[in-house]
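Below: the structure, in structure tokens.
Bear in mind that the values in this text are calculations on the coordinates, not laboratory data. All figures in this text were calculated on a predicted structure; none of them were measured in a lab.
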């Protein structure tokens, strides 16, 4: 999924004021009442930088594209380029009910060319369009942040490195030792942060995606 890849890239860059947990906060039971994503091929909304013929098989889309597959078993599969090979990566997700809904995705080494610890990352999701069965076919999403961005001159605990994590975390969230990211064991804290993060997210941090067709490729 495009959002999963965005979260992955931020995590690989050392994080950026994001909620991360070693253990999942939500289970499938927390999705009860949430409008499900319609299975099939999805795509990020078009941009001037990347035009895609969505009629073509997903695996043949250009490398700039951000298409992904939503499975019926709460998995998401994305396609990317590694050298001269086109590869796919799958991960499990949970869409927890609420306003906004909270998207939880498992980050694993299978999604990267480098070793990664098992982490769960989070984003807020607001459906913007539904099909005749009430399934989500368009959405807007943004990362769950720890709190408002720090001042530009804020320093990490070592007093030297720039600080990317907030100085004022959402109640219930705990900053890590580097003060770059945060964690929690509280669903309520994660939900509060998801709602508040909309105001803290920069315009280029929002992702809009839409369902394309019922298919597995």
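Structure values in brief
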{"item": "Length added when fully stretched, residue 133-residue 46, from 0.36 nm per residue minus Cα-Cα", "result": "28.8 nm"}
{"item": "Descending Cα extents along the principal axes, segment 110-217, whole Å", "result": "54, 33, 28"}
{"item": "Answer label, with Rg and Dmax of the Cα atoms in Å calculated from the coordinates and candidates (1) 18.0, 60; (2) 17.3, 51; (3) 17.2, 55", "result": "(3)"}
{"item": "Beta bridge orientation in the chain: antiparallel %, DSSP, nearest 5", "result": "95 percent"}
{"item": "Acute angle (nearest 10 degrees) that the helix 2-12 long axis makes with the longest principal axis of the chain, alpha-carbon atoms", "result": "40 degrees"}
{"item": "Acute angle (nearest 10 degrees) that the helix 187-200 long axis makes with the longest principal axis of the chain, alpha-carbon atoms", "result": "80 degrees"}
{"item": "Distance between segment 17-31 and segment 146-180 - C-alpha centres, whole angstrom", "result": "21 Å"}
